[in-house]
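Encoded as structure tokens, the structure appears first; notes follow it.
The values are calculated or read from the model by the stated rules, or taken from the named source; none is laboratory data. Computed from a prediction, not measured in an experiment: that's the story for all the values here. Here Cβ is always computed from backbone atoms with ideal geometry, including for glycine, and neighbour counts include all displayed protein chains. Accessible surface is based on the protein model in full, side chains and every heavy atom, while ligands, DNA and RNA are left aside. Shrake-Rupley method; radii C 1.70, N 1.55, O 1.52, S 1.80 Å.
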Amino acid sequence: MLISKLLVSLLFVAFALNHINAGNDENGTYTNPEQYEIVDLKEKSEKPRNIILFIGDGVGVSQINAALTANGGKLNLNHMKHIGFSETQSADNYVTDSSAGGSAIATGQRIDNGAVAMDAEGNEIPTILQYSNENNKSTGIVVSCAITHATPASFYAHQPSRNNYEEIAEDLLSNDIDIFIGGGLEHFNQREDGRDLTVDLANKGYTIFSSLDDGIMDTQKPIAVFTHEGHPPRFNERGDLIPQATAKAIEVLNKNEEGFFLMVEGAQIDWGGHANSTSYIIGEMLDMDRAIGEALKFAAEDGETLVIVTSDHETGGMALHGGDAETGTVTAEYTTGGHTGVMVPTFAYGPGAELFMGIYHNTEIFFKMMNLFHFDY
Ligand code: MG
Ligand code: ZN
């Protein structure tokens, strides 16, 4: 008892002496002769000039895991170290469809299933692509479906129903998309109203191509590439269309010093999910991953490009029951022919990528992009 009391007193004396000796001041006041600026950690990492947004339609963790195993345990996606999860619920349903899911990412608002960048009162909601145009950035869309389909439409059209393909095609004309590549020519020139919107596109300055021939690079923007009348065929028939289209779109868009926004959709991963077809899902996943590789190559060199890979929802309730990365074999089972409500992974690479970590609703992706681009809204 005595010893411990003695120790406490000794410690107190030591502390008091030390405290007095630490400063040279005699009256408690100190003026620092040299102030320094603290390091700025924000400048480089929060200001991407360009954003390339990939939407893998119907992609949950199982779809990614299946593709990873099928490709021997490696994907271009593995380069993207900042990973989060986005919740996908729409305004009226725990399980979203692709138009409400696409619109949530494109506009930052939850809307009802089936609607396209339009709320229940019929108000048109501006999209990240439209804000990008307003702010003098170039814009582009590359998809493995018709350009009028739900996901791409969510970025440029405002319709109460995703099935209004002809109205959606008309809506495209009121945007200033610098380059778009996809199918869906029939909604422009084989219409019930008899109009030929390719004439309107030409009047708007578009050069229209039917394939990714070299002429694209020598052409002034805007550029329209309709690869097919309807949807492009599945991966095994269309070759490297999407990776090539992604690379070309980046090359065309990168001519603008103000930067660009590009949306690329792996549209048919979802269709593989609806068909409960493991080969269809994996083939389309690997196709999108090759396109992601093109974007990452550009972003790594550019240093001012943020690449985001996300999804609108999971499709199929896919579960992996077996696999072998050495042989590239995957065995899966499915719980539904429709979509599920499970959250989906979001990957990011480049300036601002760290903002995409954590769990958030998919509408947050819009606000993160808007803030990173320093757009007013
Ligand atoms: Mg889609
Ligand atoms: Zn679907």
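Kindly provide the Kirkwood hydrodynamic radius of the range 170-313 in Å, to one decimal, from all pairs of distinct alpha carbon atoms. Final number for the Kirkwood radius of the range 170-313 is 16.5 Å. According to the Cα-based calculation, Rg over Rh for the chain is 1.17, with Rh computed by the Kirkwood formula. The residues neighbouring Asp92, those whose beta-carbon lies less than 9 Å from its own, together hold a net charge of 0 under the Lys/Arg +1, Asp/Glu -1 convention. In percent, rounded to a whole number, the relative contact order of the chain is 29, using alpha-carbon pairs under 8 Å and six or more apart.
With protein chains left intact and a 1.4 Å probe, residues in the range 90-220 average 38 Å² of accessible area per residue. Listed cross-link partners Lys137/Lys221; Lys81/Lys297; Lys47/Lys221; Lys81/Lys255; Lys221/Lys248; Lys74/Lys248 are compared with a 19 Å cut-off, the Cα-Cα value being larger for Lys47/Lys221; Lys81/Lys255; Lys74/Lys248.
In this entry, the range 97-207 is assigned a mean projected area of 6.6 nm², taken as a quarter of its C-alpha convex hull surface. Lys/Arg Cβ at +1, Asp/Glu Cβ at -1, dipole of the chain taken about the Cα centre: which of Val59, Gln35, Met357 is farthest positive-ward? Of the candidates, Gln35 comes out farthest on the positive side. Set the Cα radius of gyration of the range 207-273 against 2.2 N^0.38 Å, with N its number of residues, and you get 1.21. Each Lys and Arg adds +1 at its Cβ and each Asp and Glu adds -1 at its Cβ; summed about the Cα centre, the chain shows a dipole of about 1000 debye. For the chain, with the dipole built from +1 on Lys and Arg beta-carbon atoms and -1 on Asp and Glu ones, taken about the Cα centre, which of Leu201, Ile181, Leu68 lies farthest toward the positive end? Of the options given, the answer is Leu68.
Based on every Cα atom in the range 51-130, Rg and the maximum pairwise Cα distance Dmax equal 15.1, 49 Å. When DSSP beta bridges are restricted to pairs lying wholly in the chain, around 35% turn out antiparallel. Remark: accessible surface ordering of Asp324, Asp57 (largest first) is Asp324, Asp57, probe radius 1.4 Å.
Would you tally the net charge around Ala115, using a Cβ to Cβ cut-off of less than 12 Å, leaving Ala115 out, and scoring K and R as +1, D and E as -1?
With Lys, Arg at +1 and Asp, Glu at -1, the neighbours total -4.
Largest first, the residues Met357, Met80, Met343 sort by 1.4 Å accessible area into Met357, Met343, Met80. Rolled with a 1.4 Å probe across the full set of protein chains, the surface gives Val199 an accessible area near 80 Å².
Ranking Thr335, Thr315 from most to least accessible surface, computed with a 1.4 Å probe over the protein chains only, gives Thr335, Thr315. With a cut-off of 11 Å between beta carbons, the residues surrounding Tyr131 carry a summed charge of -1, where Lys and Arg count +1 and Asp and Glu -1. Share of carbon and sulfur in the accessible area of the range 153-201 stands at 38%, probe radius 1.4 Å.
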